[in-house]
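Visitor: This structure is in structure tokens; I'll ask about it shortly.
Where a number appears in this text, it was derived from the coordinates with a stated rule and is not lab data. Remember, predicted model here, so these are calculated numbers, not experimental data. Virtual Cβ from ideal backbone geometry, glycine too; neighbours counted across all protein chains shown.
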Amino acid sequence: MAITSTYMWIITYVLFIVGFETMAMTCFKKSLNDWRFFVLGVLLYIGVGGLLVQTFKLTGLAFTNALWSGLSVMATTTVGVLYFKERLHLHDFIAIAMIGGGVMILKFTD
């Protein structure tokens, strides 16, 4: 399967979406102590919306949402564990692996 320029743009947009969303979620968690984090989180979600619009110009809703959701779960879980010292259990790892597998199935059957 050749990687096209369009596919690279989709991946780039989705990676930025995931990055913005992960930062926004982190800001919302930190906003319990400082309202400025809440404002920053809202601004980051506005960025997510703008990037989604650009991504939808290149591909459909189903693939974009699956890729974004899967990567977002992995990224926010990583931040939760490393930054907020949250704990994961075996069922959490299994669920995350299943999400990753589902995204791969969507891509390779597209």
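Visitor: What would the Debye formula give as log10 I(q)/I(0) at q = 0.21, 0.23 Å⁻¹ for the alpha-carbon point model of the chain, no solvent?
Guide: Debye curve over Cα of the chain, log10 I(q)/I(0) at q = 0.21, 0.23 Å⁻¹: -1.15, -1.24.
Visitor: Name the helices (complete DSSP H segments) of the chain with a Cα length along the long axis of 30 Å or more and a Kyte-Doolittle mean of at least 0.0, or state none.
Guide: Span-like helices in the chain: 5-30, 35-56, 61-82.
Visitor: So if I take the alpha carbon set of region 66-110, get Rg, then get Rh from the Kirkwood formula, what is the Rg over Rh ratio?
Guide: Result: Rg/Rh = 1.05.
Visitor: If you filter region 42-110 for trypsin sites (Lys or Arg not before Pro), then keep DSSP loop positions with at most 13 other Cβ within 10 Å, what is left?
Guide: Answer in residue order: LYS57, LYS85, ARG87.
Visitor: OK, next. What does the helix-only formula give at 222 nm for the chain: each DSSP H stretch with n ≥ 4 adding -39500 (n - 2.57), the total divided by the residues, and the result rounded to the nearest 500 deg cm²/dmol?
Guide: After summing the helix terms and dividing by residue count, I get -28500 deg cm²/dmol.
Visitor: Exposure proxy check: MET74, MET23, MET98 ranked by fewest other beta carbons within 10 Å?
Guide: MET98, MET74, MET23
Visitor: Let me ask something else. Taking the Cα centre of region 5-108 as the origin, how large is its charge dipole in debye, to the nearest 20, when only Lys and Arg (+1) and Asp and Glu (-1) carry charge on their Cβ atoms?
Guide: 80
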